[in-house]
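The next block holds one structure in the form of structure tokens; read it before the comments.
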Amino acid sequence: MEWVETSGKGKLAGFTVIYTGPTFMSEQGFDRKNPYVSGIVELEEGTSISARITGLDASKPAEIKIGTPLNVDFVEFGEGETKKTYLAFKRLARRPRKETCVTRR
């Protein structure tokens, strides 16, 4: 096994919405009223990884789509010596549509 640098880009391959998570997630404010998304991300390089998924509405799981483009994100929790960093992936921002105006002459 060896460390390999990746682009940090991928797509959502599978997910679950978690309403009752481990203690460290409850400490971050997640519970039945505020669920979070955990998923499998297929990286551009072909490897898959499990991570928390941010930037999606966990209260509307039917709107979360397999294949959603994602980018690496790091979530920090705590302060000082107790501060921890967790691997996550975030939905890529949607590009704004170009608005066009059609008029008659």
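The values are calculated or read from the model by the stated rules, or taken from the named source; none is laboratory data. On a predicted model such as this, the values are computed, not experimentally measured, just so you know. Backbone-built Cβ (ideal geometry, glycine too); neighbour counts: all protein chains shown. What goes into the accessible areas is simple: the full protein's heavy atoms, side chains included, and nothing from ligands, DNA or RNA. Shrake-Rupley method; radii C 1.70, N 1.55, O 1.52, S 1.80 Å.
Observations on the model:
- Pairs meeting the criteria (first residue in the range 53-82 and in contact (Cβ under 8 Å) with a residue 40 or more places away in the chain and on the phi > 0 side of the Ramachandran plot, second residue hydrophobic (A, V, I, L, M, F, W, C) and open to solvent by 30 Å² or more (accessible area, probe 1.4 Å), beta carbons under 9 Å, at least 6 apart or on different chains) are Gly67/Ala13.
Each row is one residue, and each column tells you yes or no for (1) of a type in the set (Val, Ile, Thr); (2) over 18 Å from Ala93 (Cα atoms).
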residue	(1), (2)
Val4	yes, yes
Tyr19	no, yes
Phe24	no, yes
Gly29	no, yes
Val41	yes, no
Gly55	no, no
Ala58	no, no
Ala62	no, yes
Ile66	yes, no
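- With respect to (1) loosely packed, with under 12 Cβ neighbours inside 10 Å; (2) over 15 Å from Val17 (Cβ atoms), the lone exception for Asn71 is condition (1).
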